Amino acid sequence: MTMIVLTKLYEMQDTTIEHKLPNWNGKISFFIEAAGDIYRELCHDPVDIGGYIYEKRRKLKTFSELRASDISEIGDTMKKHSDWHDLLDEYMMAVDALSSATEKFQFGSYEKVNVYGTKTFLDRKELMLAALEAITATCLYARGDFTKEETGKVIRYVDELFNVK
């Protein structure tokens, strides 16, 4: 049974960024929510890296499959909602605040995450910060400040951190 052990970070994520960006574009929300779910799961112990997080990683990796019509739809969101950029900016500020809180957090005995069924341990803080980087990259993409390739590179980086060597 898993328990929320990093309650402060879990609650901060829940109140500041979890489902706080308007769902005007399902594609953007899909990727943001997958990365946010990874962050939230990392607040638990033990962490379900092979099941739950694997599923969220799989969702994130579909970013590379965005078609021209998906990209056009994202651009149309900006045209339909004139405050889209402002809302993305506010959201990214909340993500940045959570990133700062995560960076400063004292993880104590929960500093490492054990990969179930192995003797491998991963750095929990590094994984949590990377998940937030994926959210920021997706927001920058939605604003038109990152290319699909730049965002995909960040997502691949996040995914690779979970690979057990």
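Quick note: the coordinates plus some simple rules give every number you see, no bench work behind them. Bear in mind the structure is a predicted one, so any value in this text is a computation, not a measurement. Counting neighbours? That spans all protein chains shown, and the Cβs are built from the backbone with ideal geometry, glycine included.
Here is how the numbers come out for the structure above:
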{"quantity": "Dipole magnitude of the range 3-159 about its Cα centre (Cβ charges: Lys, Arg +1; Asp, Glu -1), debye to nearest 20", "calculated": "420"}
{"quantity": "Eligible lysines near K112 by straight Cα distance, threshold 21 Å, same-chain separation 8 or greater", "calculated": "K8, K56, K104, K125, K165"}
{"quantity": "Residue (of G26, G152, N163) at the positive-pole extreme of the chain, dipole from beta-carbon charges", "calculated": "N163"}
{"quantity": "Coarse-grained scattering of the range 35-105 at q = 0.13, 0.22, 0.29 Å⁻¹, given as base-10 log I(q)/I(0) from a Debye sum over alpha-carbon atoms", "calculated": "-0.60, -1.06, -1.13"}
{"quantity": "Mean Cα-pair separation over length for the range 3-159, i.e. relative contact order, pairs under 8 Å, 6 or more apart, %", "calculated": "31"}
{"quantity": "Cα-based Kirkwood hydrodynamic radius, the chain, one decimal, Å", "calculated": "16.2"}
